[in-house]
Amino acid sequence: MPDFTNRREITSVAQLTPVQAEQLRLCGQAYDDEDFPAERRVNQDAPDDEAVLYSVELWDVASSDGSSVYEAWFYQSDSGSVFLAGTTDMVAQIIQCGLECEDPSRELELGTAMVRAGLLPPGDSAYDRLSRAADATP
């Protein structure tokens, strides 16, 4: 089972690879349906800029051998997007702190990892199920 690792706060596109900058652009688009460049999404100096995403974190989601499987973005305190590592293929979203994923096996994989990392709140409707699955995972 994968684990959330390597958390970093993103405040500038200079911290990102070109693929990660594109992921950030897609995160913003998924959040507010607006297509702004990554530079604008993290420009904390822009006054009253509705395009800015706040509290942006990027996590690696690594397999048991340490290789990155997913890149998970968290922003706006209760939102996020998950991509296959090194791609712009969005496979899940975080909406009001809850995991939304169409693939049941991927949802279980990501959800249990979120529980173990303390990233899924106990009040989430899937928390009990995912917590039991996380406890059953060696």
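Quick note: the coordinates plus some simple rules give every number you see, no bench work behind them. What you see is a predicted model; the values in this text were computed from it and never measured. Virtual Cβ from ideal backbone geometry, glycine too; neighbours counted across all protein chains shown.
Before moving on, here are some points about what is shown:
- Residue, surrounded by the most Cβ atoms within 10 Å (Cβ to Cβ), within region 4-26, restricted to residues that are among the charged types (D, E, K, R) and touching an Asp or Glu at 6+ places or on another chain (Cβ under 9 Å): Arg25
- The residues of region 16-33 that are free of Cβ contacts under 8 Å to residues at least 12 places away in the same chain and not β-branched (Val, Ile, Thr), listed by number, are Pro18, Gln29, Asp33.
- Hits in region 27-39 (condition: part of a helix (DSSP H, G or I), surrounded by 18 or more Cβ atoms within 10 Å (Cβ to Cβ) and out of contact with any Phe, Trp or Tyr (no Cβ under 8 Å at 6 or more places or on another chain)): Ala38
- Qualifying residue in region 32-47 (condition: under 30 Å from Leu130 (Cα atoms) and among the aliphatic types (A, V, I, L, M)): no
- Qualifying positions in region 34-79 - at positive phi, small (Gly, Ala, Ser) and free of Cβ contacts under 8 Å to residues at least 12 places away in the same chain: Gly66
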